[in-house]
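Below is one structure, written out as structure tokens, with a few remarks after it.
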Amino acid sequence: MTEQAAEVRRRIGLVGQNAAVDEVLSGRQNLVMFGRLHHLGRRAAAARADELLAEFGLSGTGAKPVSAYSGGMRRRLDLAVGVILAPQVLFLDEPTVGLDPRGRGEVWQAIRDLAARGTTVLLTTQYLDEADQLATQINVMDHGRVIAEGSPGELKSRLGGDRIEFVVHDRALIGTAARAVAPIGVTDPAVDPDAGRVSVQVSDGTGTLQETVRALDRAGVAVDDLTLRRPTLDEVFLHLTGGRSARSERAAEPGKEVNA
């Protein structure tokens, strides 16, 4: 690896957490400048700049100074800078920190487009919904160590799969409702009498949703709300790290080191 450092650098791109573009220059000037820094000729750098502005939806703003860009536009320009040499692997560090929902959506789409064109994207993020949206494979880290890995679906399955939740219209029938759906679930239904809510864990949420409706109808139970709830990666992370963090805090004493 160290003997072929130049070849490695040519095949990888890096977009750090903080934007590396010059806000005084225009978007196009930034891309041309970075192209020249990557040893492209003047014409090649200019052509690549125009190509990237089009790919990242910035053609109409390429002549504007970056200081006039929105957060999402600036981040897309930063991504364009990172792929000037069309790297095989792109490292992204917290690509959407500080962006509003629209800006996040724009950056997410740009990342999806990069992956669709064949670039392998290695993304670090603390926004687990972002990982759920973008990643095909996830490594969960806690205190610097990998504690779980797998696809989003595989990680969510650690919490036992989907849950069907509903709120009964008549609170007096909550027991009847729980008994009606008990055969559908893989565990006993959880009942919240005050809220009138029943929750049952199922192995196939989509497949058992209609079955739940039919069971409640046969039991004569009307519901005000019924939803299929899938685990989130945030819940997976808390499930994986909650006990570990508590043990670490109890064990940490002066003169001792705890690796969790």
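The values are calculated or read from the model by the stated rules, or taken from the named source; none is laboratory data. Just so you know, these numbers come straight off a predicted model, no measurement behind them. With ideal geometry, Cβ positions are generated from the backbone for all residues, glycine too; neighbour counts draw on all protein chains shown.
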Practice task
Kindly establish whether ALA110 is assigned by TED's automatic domain parsing to the domain that holds PHE56 and either surrounded by fewer than 17 Cβ atoms within 10 Å (Cβ to Cβ) or among the hydroxyl-bearing types (Ser, Thr, Tyr) (or both).
Solution key: no
Practice task
Examine the stretch 116-135 for a residue that is touching a residue at least 60 places away in the same chain (Cβ under 8 Å), part of a strand (DSSP E or B) and in contact with a Pro (Cβ under 9 Å, 6 or more places away or on another chain), and state whether such a residue exists.
Solution key: no
Practice task
Check the stretch 203-215 and report whether any residue there is surrounded by fewer than 19 Cβ atoms within 10 Å (Cβ to Cβ), without any contact (Cβ under 8 Å) to a residue 12 or more places away in the chain and acidic (Asp, Glu).
Solution key: no
Exercise for the section: Identify the residue in the stretch 185-199 that is at pLDDT 90 or above and of a type outside the set (D, E, K, R) and, among all such residues, is farthest from ARG229 (Cα to Cα). Expected result: PRO193
Practice task
Would you mind stating whether LEU79 is surrounded by 15 or more Cβ atoms within 10 Å (Cβ to Cβ) and either among the acidic types (Asp, Glu) or modelled with pLDDT under 95 (or both)?
Solution key: yes
Exercise for the section: Give the stretch 169-193 a look and list any residue that's in a helix (DSSP H, G or I) and either loosely packed, with under 13 Cβ neighbours inside 10 Å or out of contact with any helix residue (DSSP H, G or I) (no Cβ under 8 Å at 6 or more places or on another chain) (or both), or say none. Expected result: ARG171, ALA172, LEU173, ILE174, GLY175, THR176, ALA178, ARG179, ALA182, PRO183
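Please go through the stretch 120-154 and pick out each residue that is under 15 Å from THR241 (Cα atoms), within 13 Å of the chain's Cα centre (by Cα) and of a type in the set (A, V, I, L, M). Steps first, please.
Of the residues in the stretch 120-154, the ones under 15 Å from THR241 (Cα atoms) are 126, 128, 139-149.
Retained after the next criterion (residues that are within 13 Å of the chain's Cα centre (by Cα)): 126, 128, 139-140.
Matches in the stretch 120-154: LEU128, VAL140.
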Exercise for the section: Tell me, please, whether a residue that is farther than 23 Å from VAL89 by Cβ, of a type outside the set (D, E, K, R), part of a loop (DSSP other than H, G, I, E, B) and in contact (Cβ under 8 Å) with a residue 24 or more places away in the chain can be found in the stretch 45-56. Expected result: no
Completion exercise
Of (1) farther than 22 Å from PHE91 by Cα; (2) surrounded by 15 or more Cβ atoms within 10 Å (Cβ to Cβ); (3) not charged (D, E, K, R), VAL24 fails just (2)
Problem - In the stretch 82-115, residue modelled with the highest pLDDT [restricted to those that are of a type in the set (D, E, K, R) and part of a loop (DSSP other than H, G, I, E, B)] - result: GLU94
